[in-house]
Amino acid sequence: MNTLQGLTDQEIKKRIEANQKEEAYQTMTNSIGTIIKKNVCTLFNFLNFMIALCLFLVHAYSNMIFIAIIILNILIGIFQEIKAKKIVDSLSLLNRPMAKVIRNGKTRKIDVSDLVVDDLLVLESGDQISNDSILIDGSLEVNESLITGESDAIIKKTHDSLVSGSFVISGKAVAKVVHVGSQNYIRTISDQVKKEKATYSELMDSMKKVTNITSYMILPLGILLFIEAIFLRGIIIDDAVVSSCAALLGMLPKGLVLLISVSLSTGVIRLAKQKILVQNIYALETLAHVDTICLDKTGTITNGTLKVISKKALQKDISKDLDEMVQSYLSFAQDNNATFIALRASIEPSPIIKPVKIIPFSSSRKWGSISFENGKTIFVGAFEKLVKESSVEVEEELEKGHRLLAIGYIEDIWDNDRALPENMIPLYMIVLEDVIRPNTKKTLDFFRKQGVEIKIISGDHPKTVAHVARRAGFDQWSSVVDMSDVLDSDDYDSLIKEYSIFARTTPQQKQRLVQALKKQGHHVAMTGDGVNDLLALREADCSIAVADGSEASRQISQIVLLDSNFTNLPSVLMEGRKVINNVTRTAQVFFIKTIYSILVTILCIITNQSFPFIPIQITLIDAFIEAYPSFITIVESDTSKIKGSFLRTSLSNAAPFALLVTILIMVTQLVGSFTEIERMNISYILLILLSILAVIKSCIPMTKLRLALCVSMCIGICLALMLFPNLFMMVSFTFEMVMYIVALFSISLMILIGWFLIKYKKV
């Protein structure tokens with residue numbers, strides 16, 4: 001291995017010029033151009049600019065102020081998403097896979113994206129094979145569960161092929177890269193998984209429905225209102241355009257789309273500060289609805305490491321030279337898996353005695369050995385392999401889910417890598433256990449209290465998984481099934497209902513378990529760290545990977561825990577709930593205007609009445625009553641459980657206010673004994689009062705921030721009307737007008753109180 005020189009700088013340059021280089025690392029965020037296009041080229045913006053154009057053509061410049069708000073909304077949306085993109089991209093750099101290569105005779109680490117064909121990869125225990133390769137020096141044991149679905153170790157020797165996405169279990173070797181980019185096997189799998197995974201957002205889907213409905217209604221209603229004004233009421237074209245545009249403006253919940261985008265981006269930024277990488281912005285929303293989380297044991301509940309909890313001598317008076325041989329074994333053994341890391345932490349390695357023959361540890365035979373120059377051999381392996389006789393103590397340890405190793409020796413040199421000697425003398429029993437992540441119990445308790453069901457899915461032995469679950473504080477630790485006994489024809493729907501822990505699962509079984517949960521109506525999140533989790537990650541509603549897992553799992557997952565700590569999942573869940581709850585709470589205010597604008601427009605056409613408002617009046621409500629409180633309160637921490645759908649909840653909360661506004665406006669227009677301008681002023685004040693009432697209702701329970709917002713909102717509206725009466729076409733109010741407003745508002749207030757008392761009593 002030391003004689004290998006690898007590629008020279010000139011050879012690397014030639015391969016790059018020949019396009020034989022690994023593809024550049026791609027982030028999952030949108031480009032800046034895409035972000036700008038997404039925020040600018042929307043149907044909402046198009047309709048608003050068309051309305052602005054109509055007002056411009058009739059010289060109604062003061063009524064075009066709303067377009068400044070639209071432009072500001074666009075700029076805010078672009079800025080917020082670009083800010084989130086930069087943070088996500090910077091965090092993504094921490095996720096970039098590295099490779100150890102030999103170049104110019106020296107071993108060094110490079111970015112995987114810098115690999116070229118014929119590069120020499122240095123591979124050892126724990127490494128993921130990034131590219132399809134050919135083994136040219138040494139031997140390895142690899143896990144090819146992605147290809148075979150089996151976790152059994154595969155022995156790889158010189159000239160054998162290595163498939164990208166595999167993991168090195170043990171050994172150390174050098175392999176030559178044969179495929180780069182899309183030619184790699186893992187890339188074809190990952191791309192397939194990505195293509196088949198569709199993103200769903202209830203928030204954006206709801207807004208698309210609203211957009212489609214309003215866009216279909218705007219054009220015919222606007223034309224009818226305009227024609228009626230010209231031909232039936234004899235209004236001049238300029239006034240007809242202004243009146244019609246006001247009606248159309250009110251139908252568009254302009255700020256709501258921006259509110260959703262900004263809320264999600266803000267959530268992504270907040271999580272980024274906690275080293276949680278959200279690669280799909282809508283994953284926040286998805287996770288907020290999750291009611292079932294499937295956890296892989298290794299890398300989630302445990303941190304992927306082991307610790308020695310006891311070392312028990314199996315012989316009396318073990319000599320010093322035998323202990324020195326054990327220390328020498330750990331010093332010269334090339335194995336670097338979790339087991340040997342734990343052994344070296346418990347027994348200090350020391351190269352006291354030189355080896356003469358090394359048989360690397362193999363997970364297939366479950367043992368390894370080193371013969372030393374003193375003519376003796378030390379063996380390390382699974383307890384059941386090295387020690388023929390069991391005991392009550394051994395059975396108790398196994399029942400607890402502990403892993404048992406044995407250390408033995410013979411008074412001879414051993415060079416047979418296929419069989420163990422009959423005369424082996426056992427020295428020690430090593431008891432190991434998985435290291436539980438800190439705060440795991442607290443995290444599991446959190447999800448239980450939140451009504452989120454936990455399913456543990458693992459490839460390990462049932463007793464091991466159950467023991468880990470018990471230590472982690474999982475209540476259903478005894479509800480375990482060995483999936484190796486489950487047939488393809490078995491009923492997975494019944495299994496998922498009956499059991500909470502699934503052991504010895506294959507990748508295909510993991511996928512089917514997730515499918516069964518979704519079939520039963522559950523919203524499922526899946527955590528994983530290996531390529532054997534890809535199918536399940538793709539199938540889940542929300543996929544979550546840990547940073548120290550496989551590159552493939554990180555690439556296809558919507559959320560990556562950069563510190564590989566699943567105990568941070570509550571933060572993601574809570575952030576998603578914040579976004580949805582805040583948006584749902586404030587959306588009702590936006591929808592009030594949409595509903596009453598449509599209803600009033602239709603009734604005005606039927607009764608041959610003019611739409612009672614002008615665009616500038618609608619703009620004032622947009623700014624002070626809708627946008628101002630909504631965008632300030634997105635920072636609030638409403639983490640209560642999501643109830644009902646966004647659109648249904650928002651519309652049901654908005655409907656009473658919108659219907660009352662419609663009734664009051666039409667009563668004033670048809671019955672009120674006032675002039676046209678007075679009726680407009682009365683209708684506008686009633687609209688403002690009921691809209692403010694809707695905001696106050698959405699702020700209950702009242703906090704200091706919400707109270708300050710309500711007070712400042714009222715002051716802002718009043719000052720605007722007092723300082724610029726001509727701009728908003730306000731006249732001096734007579735006593736009769738004031739009393740009329742007070743009477744109708746009082747009736748409305750009593751109706752709303754009664755309505756909500758009945759509603760919440762039923763709930």
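Values quoted throughout were computed directly from the atomic coordinates according to the rules given, and no laboratory measurement underlies them. For clarity, every value in this text was computed on a predicted model and none was experimentally measured. Because the Cβ atoms are built from the backbone with ideal geometry, glycine has one as well, and the counts that use them run over all protein chains shown.
Structure notes:
- The share of alpha-carbon pairs in region 589-689 lying farther apart than 17 Å comes to 58%.
- For Thr302, the residues whose modelled amide H falls within less than 5 Å of its own, excluding neighbours fewer than 5 places apart on the same chain, are Arg437.
- Each Lys and Arg contributes +1 and each Asp and Glu -1, all at the Cβ; summed about the Cα centre of the chain, the dipole is approximately 1940 debye.
- Additional length obtainable on full extension of the chain from Asp9 to Ile758, 0.36 nm per residue less Cα span: 261.8 nm
- Karplus (6.51, -1.76, 1.60) ³J(HN,Hα), θ = phi - 60°, over region 567-574, in Hz, Gly and Pro reported as x: 5, 8, 4, x, 4, 5, 4, 5
- Nitroxide proxy distance, nm - points 7 Å out along Cα→Cβ at Lys86 and Arg448: 4.5
- Neighbour counts of C-beta atoms inside 10 Å place Asp9, Asp533 in the sequence Asp9, Asp533, starting with the fewest.
- Over 28 Å (Cα to Cα) - which of Lys14/Lys37; Lys273/Lys441; Lys275/Lys578; Lys86/Lys106 fall in this group: Lys14/Lys37; Lys86/Lys106
- Region 276-322 and region 557-607: distance between their alpha carbon centers, rounded to Å: 36
- Taking the fewest neighbouring Cβ atoms within 10 Å as the starting point, the ordered list for Asp475, Asp160 is Asp475, Asp160.
- Entries in Lys100/Lys455; Lys100/Lys156; Lys176/Lys376 that, when Cα-Cα distance is taken, lie over 28 Å: Lys100/Lys455; Lys176/Lys376
- P(r) tail for region 305-435: Cα pairs beyond 26 Å make up 14% of the total.
- Helix-only arithmetic for the chain: the sum of -39500 (n - 2.57) across DSSP H runs with n ≥ 4, divided by the residue total, places the mean residue ellipticity at 222 nm at -16000 deg cm²/dmol.
- Projecting the Cα atoms of Ser489, Leu687, Gln5 onto the dipole axis of the chain, where Lys and Arg carry +1 and Asp and Glu carry -1 at the beta carbon, places Leu687 farthest toward the positive end.
- Note, ³J(HN,Hα) from phi for region 309-322, Karplus 6.51, -1.76, 1.60, rounded to Hz, x at Gly and Pro: 9, 6, 10, 10, 5, 9, 9, 7, 6, 5, 6, 5, 5, 5
- All other residues whose Cβ lies under 15 angstrom from that of Ser610 are scored, Lys and Arg at +1 and Asp and Glu at -1, for a net of -3.
- The residue list Thr214, Asn143, Val452 was ranked by how far each Cα lies along the charge dipole of the chain toward its positive end, using unit charges on Cβ atoms, and Thr214 comes out on top.
- The order of the peptides 651-661, 202-212, 230-240 by mean Cβ neighbours within 10 Å, most packed first, is 651-661, 202-212, 230-240.
- On Cα atoms only, tilt of 43-57 relative to the major axis of the chain in degrees: 30
- Semi-axes of the equivalent ellipsoid of region 457-553 are 19, 17, 13 Å, computed as sqrt(5λ) over the eigenvalues of the C-alpha gyration tensor in descending order.
- What the pair-distance distribution of region 280-345 shows, using all Cα-Cα distances binned every 10 Å from zero, is 15, 29, 22, 15, 11, 8, 2 percent.
- Potential extension, Asp488-Val356 segment - 0.36 nm per residue separation minus Cα distance: 42.6 nm
- Each Lys or Arg adds one and each Asp or Glu takes one away; over the other residues whose Cβ falls under 13 Å from the Cβ of Arg648, this sums to 0.
- Theoretical gain in end-to-end length, Thr675 to Asp417 [0.36 nm per residue, Cα-Cα removed]: 82.5 nm
- Of Asn568, Asn582, Ile605, farthest towards positive along the dipole that unit charges on Lys, Arg, Asp, Glu beta carbons give the chain: Ile605
- Sorting Tyr499, Tyr61 by the number of Cβ atoms found within 10 Å of their own Cβ, with the fewest placed first, yields Tyr61, Tyr499.
- Translational diffusion of region 369-458, µm² s⁻¹ [Kirkwood Rh, Cα pairs; Stokes-Einstein; 4 °C; 1.567 mPa s]: 80
- Contact order relative to length of the chain, as percent, for alpha carbon pairs under 8 angstrom and 6 or more apart: 13
- With the simple model of a label 7 Å out from the Cα in the direction of the Cβ, Leu727 to Ile134 spans 7.7 nm.
- Taking a ≥ b ≥ c as the square roots of the eigenvalues of the Cα gyration tensor, the chain is classed as prolate, since a/c reaches at least 1.5 and a/b is larger than b/c.
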